[in-house]
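All remarks here apply to the structure that follows.
The values are calculated or read from the model by the stated rules, or taken from the named source; none is laboratory data. For clarity, every value in this text was computed on a predicted model and none was experimentally measured. Note that we place each Cβ from the backbone using ideal geometry, even for glycine, and neighbour counts take in every protein chain shown. Remember, those area values only see protein heavy atoms, side chains included, never the ligands or the DNA or RNA. Shrake-Rupley method; radii C 1.70, N 1.55, O 1.52, S 1.80 Å.
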Amino acid sequence: MSRPTAIDPPDCGCTECIIGEYKPLAYADDGQIAALIRGELRNNTGLTFTIHVTYELEPGQSLPAAMPTEVTARAGDRTWTFDPYLLGFRAERRS
Ligand SMILES: [Zn+2]
């Protein structure tokens with residue numbers, strides 16, 4: 001399976017995008033955006049990704065022991081919502 005190594009600007013049509021080495025942002029799927037955020041794909045988009053992490057604290061719980069419930073990423077006019085597990089947050093809780 002060939003994988004892109006970078007995400008390019010939204011409507012990029014460069015040679016690398018045509019041959020599939022890079023992926024234009026407009027055509028990247030959620031898994032590829034997650035890989036970009038994890039640092040496995042280069043961010044060649046020219047855009048800043050803003051990451052919002054949501055935690056829910058149950059009664060008696062503190063932030064160090066809490067797991068994120070949702071992660072949202074924004075770049076340009078697009079928003080993606082991820083299961084935190086996809087971005088490397090683990091299910092283990094610190095005590
Ligand atoms: Zn390109």
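Every listed requirement among (1) hydrophobic (A, V, I, L, M, F, W, C); (2) more than 21 Å from Cys12 (Cα to Cα); (3) touching a residue at least 40 places away in the same chain (Cβ under 8 Å) is met by Val71 save one, (3). In the stretch 18-30 there is at least one residue that is in contact (Cβ under 8 Å) with a residue 24 or more places away in the chain, on the phi < 0 side of the Ramachandran plot, away from the ligand (no atom under 16 Å from the Cβ) and within 19 Å of the chain's Cα centre (by Cα).
From the list Arg38, Arg42, the lone residue that is closer than 13 Å to Leu25 by Cβ and open to solvent by 70 Å² or more (accessible area, probe 1.4 Å) is Arg42. Scan the stretch 1-17 for residues that are near the ligand (Cβ under 10 Å from one of its atoms), surrounded by fewer than 15 Cβ atoms within 10 Å (Cβ to Cβ) and of a type outside the set (A, V, I, L, M, F, W, C) and the total you get is 3.
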